[in-house]
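See below for the structure under consideration.
The values are calculated or read from the model by the stated rules, or taken from the named source; none is laboratory data. Computed from a predicted model, the values in this text were never measured in an experiment. No Cβ is skipped: glycine too gets one built from the backbone with ideal geometry, and neighbour counts run over all protein chains shown.
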Amino acid sequence: MDDQEVTYPIYSPASVIGIFSNALKLNATVNLIYLKGRYAFGGGKSYGNYYYDLLFSEGDHTSIGIRISSLLRSKITNNEIYTLRGFIEKNIKNSSIELRFVVDEIVQQEEKSISEEELERYGLIQKKLETGSKDLETLIRDKMLKDEKVRVANIYGNNAIVQKDFFEGLDVSRKYFDISDDSCNITSSTAIISKLKEISALDYDIVALVRGGGDRQSMETFNDLNLSELFITMKPVTVTAIGHTVDETLLDKLADKRFHLPHDYGAGWHTIAEKLSHERSNSRALLIDEVKKDVTKQFSEQVETLEKRLKKKNEEFVEAQKTYKEQVENHNKTFTDQLKVRNEEFQKLQVTSGKQLEDLQKNFQEQQKQRQAEMESYKKEIASLHEKNVQSAINESTASLRVNLETLKQENIRLNQEVQGRKTDYMKIIIAFVLALVIGFILAKIL
């Protein structure tokens, strides 16, 4: 049977991905467009003088990959809202097509709006202002004047080694304190809350969160609202020493006393204890008067500072509300225009895809017909070969039977000849026997 030429198209995986990639030719992929959203840093390393970050929508957690040069990246602040100009590029990986926005220009950085979570934080700070802060130095002074040890619960992370730094700072003043070391997963707000509730049932004078530094991401634990709300309701004096000198967490703002490092925490106690020890040796009355002055001054300064901060935040909140309203209106208008354009592009894409699908179906039907014809031809050829094979077998069997028949004929003739020869011998014997009888009879007569 002659070979038939294959007429249907055959694609490789790479060619299929290339076809669909080339089909995604929208205006956004060939023209410069503007994107607006919250900028988030990626891995922190540049590749070929470019950084690969993310841009999140303001209303949800949808994001698109960002490719930006090192020069432009240096002008970006993490987690701020930006309007960027650039174009969309396609990155093909195996069987997926990934879209990435390549930044050409930073158009605008917008002021960060105040979220509901931030308002809750301001509410906790306001609540702390209303209740006031417990003075650490006053507590230590009262205990020392009564010759009582200050009962302290220090909460460390599991397997922490910063206790050594704390006790080095505390030095010889350790004799004034009864210190309990407690541990938990200090990067988990849930674990810290559980430990604080456990400690609250005990009669401690001071509760401190002590941590020796770490990455910034884990610092978010100390901004947890549930943890902060529990923290400001605790009866003991609350202290933080969580190892970051630059970042100030919500717990730092709500604590009665903040130290930057575990060593500073111990050294601060040592300083207070040494100071009070010297004052105690002079005059108790003078000591009490000085305590009152220090407490009054410290409280007044804290109230004044916090009032200024609150006033400034209120002004920022009013301005942010106004800006947010304008942004929402502009965003809705832009979104409506973009949606209209996308709908038109989608309809065109549907028409093109429908036509391609019809062509593929037609091609498939033609291939099916061709394959059916080939199958019919194969069946006829097989039937012909079967008939020839049967006839050949019959001919071979017939020839074999003829040979056997001829052999049997020859054997039959030979046997007949042998039978005739045996009959002639019998007659001769009989004749000789008769002659012998006659001769014998004659001889008997003669004798």
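Determine whether L99 is under 29 Å from Y324 (Cβ atoms), touching an Asp or Glu at 6+ places or on another chain (Cβ under 9 Å) and modelled with pLDDT of 90 or more.
On the way: under 29 Å from Y324 (Cβ atoms): yes; touching an Asp or Glu at 6+ places or on another chain (Cβ under 9 Å): yes; modelled with pLDDT of 90 or more: no.
Against the criterion (under 29 Å from Y324 (Cβ atoms), touching an Asp or Glu at 6+ places or on another chain (Cβ under 9 Å) and modelled with pLDDT of 90 or more), L99 does not qualify.
Answer with yes or no whether T305 is surrounded by 11 or more Cβ atoms within 10 Å (Cβ to Cβ), within 30 Å of E120 (Cβ to Cβ) and among the hydroxyl-bearing types (S, T, Y). So that I can check it myself, show each step before the final result.
Working: surrounded by 11 or more Cβ atoms within 10 Å (Cβ to Cβ): yes; within 30 Å of E120 (Cβ to Cβ): yes; among the hydroxyl-bearing types (S, T, Y): yes.
Answer is yes for this residue.
Is it the case, given these coordinates, that D264 is at pLDDT 85 or above and either among the hydroxyl-bearing types (S, T, Y) or under 30 Å from Y122 (Cα atoms) (or both)?
yes
Got at least one residue in region 185-203 being assigned to a loop (DSSP other than H, G, I, E, B), under 28 Å from L225 (Cβ atoms), touching a residue at least 60 places away in the same chain (Cβ under 8 Å) and within 34 Å of the chain's Cα centre (by Cα)?
So far as region 185-203 goes, no, none of its residues is assigned to a loop (DSSP other than H, G, I, E, B), under 28 Å from L225 (Cβ atoms), touching a residue at least 60 places away in the same chain (Cβ under 8 Å) and within 34 Å of the chain's Cα centre (by Cα).
Going through region 161-190 one residue at a time, which ones are hydrophobic (A, V, I, L, M, F, W, C) and buried (at least 18 other Cβ atoms within 10 Å of the Cβ)? Write out each step before concluding.
From region 161-190, those hydrophobic (A, V, I, L, M, F, W, C) are 161-162, 166-167, 170, 172, 177, 179, 184, 186; that's our starting set.
Residues satisfying the conditions are V162, F166, L170, F177, I179, C184, I186.
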